[in-house]
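I have placed the structure first, in the form of structure tokens, so that the comments after it can refer back to it.
The values are calculated or read from the model by the stated rules, or taken from the named source; none is laboratory data. Computed from a prediction, not measured in an experiment: that's the story for all the values here. A quick note on method: Cβ atoms are made from the backbone with ideal geometry, for glycine too, and the neighbour counts reach across all protein chains shown. Protein only, heavy atoms only, side chains kept; ligands, DNA and RNA dropped before computing areas. Shrake-Rupley method; radii C 1.70, N 1.55, O 1.52, S 1.80 Å.
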Amino acid sequence: HELADQMAALSPLHMLQYWVIDAHSGQKKFAEVAEPFQWGIAKKLSPLFTYAAGINPSYAGPLAHFYILGKGSDKSSCIARFMAWVLAYSNKPLNTYVCAKDRDQANYLAEALSTEVALNPWLSRHLRFKNFEVTGRNGSCLTILAVDPAGSQGNRPDILILDEITHWEDKK
């Protein structure tokens, strides 16, 4: 577990080499069962997260990505993995949010994060769970929210993830 923790601190891509998931065929390493599209997403997101975490300050690429994935494409678990990494290994305190359409989806995201971390106990020493908040080292905090446009004014997140935004209602 110590080697996994040391290597994971380098980047999300390094972490994914050791990361255990609950695959259809049982618990497996992500690296053993991931599809090429999942690696493609991870390769594009990893530099953004290492930049936000203060590990790769020279990164000058895009700071936003948009993905549309079908049901069963590992969306919530992917979010959980990247958020667990940034909370555990950031060199600076980060204010992060994952926003979901409703409370049920927010619950699903919180459960995905809790499950993924439970399968990788070497990571759990870096994270503390409390309802819809997870805190990590250096004071980083993740808040999982149901959509509430009126209550989100003034937030200045370092990382903002909008889950299943194509299903959000237009509240004009």
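A 1.4 Å probe run over the chain, with the rest of the protein chains in place, finds 56 Å² accessible per residue.
Across Leu13, Leu142, Leu69, mean-square fluctuation computed from a Gaussian network of the chain (C-alpha pairs under 10 Å connected) peaks at Leu69. Using a probe radius of 1.4 angstrom, the carbon and sulfur fraction of the accessible surface of the chain is 52%.
Per the helix-only calculation at 222 nm, which mean residue ellipticity applies to the chain, given -39500 (n - 2.57) for every DSSP H run of n ≥ 4 and division by its residues, nearest 500 deg cm²/dmol? Don't jump to the answer; show the numbers that get you there.
Working: 7 runs with 68 residues, N = 172.
About -11500 deg cm²/dmol.
Each label point was placed 7 Å from the Cα along the Cα-to-Cβ direction; for Leu162 and Glu2 their separation is 4.5 nm. Comparing mean-square fluctuations of His126, His14, His65 from a GNM of the chain with C-alpha springs under 10 Å, the top value falls on His65.
If R₀ is 30 angstrom, what is the calculated FRET efficiency for the pair Arg137 and Glu35, using the beta carbon separation as r and rounding to 0.05?
FRET efficiency, Arg137 to Glu35: 0.45.
Note on the chain: with a GNM built from Cα contacts shorter than 10 Å, the maximum mean-square fluctuation among Ser25, Ser124, Ser11 falls on Ser25.
With every protein chain in place and a 1.4 angstrom probe, the accessible-area ranking of Arg156, Arg103, Arg81, largest first, reads Arg156, Arg103, Arg81.
Note that the stretch 49-108, at 20 °C in a medium of 1.002 mPa s, gets a Stokes-Einstein diffusion coefficient of 161 µm²/s from its Kirkwood radius over C-alpha pairs.
Considering only Cα-Cα distances, which of the following residue pairs are longer than 18 Å: Lys71/Lys101; Lys29/Lys101; Lys75/Lys130? In this structure, Lys29/Lys101; Lys75/Lys130 lie more than 18 Å apart at Cα. Ligands, DNA and RNA aside, Thr135 has an accessible area near 60 Å² when probed at 1.4 Å. For the chain, the mean projected area of the C-alpha convex hull, equal to one quarter of the hull surface, is 10.2 nm². Modelled spin labels at Leu69 and Asp104, positioned 7 Å past Cα toward Cβ, are 2.1 nm from each other.
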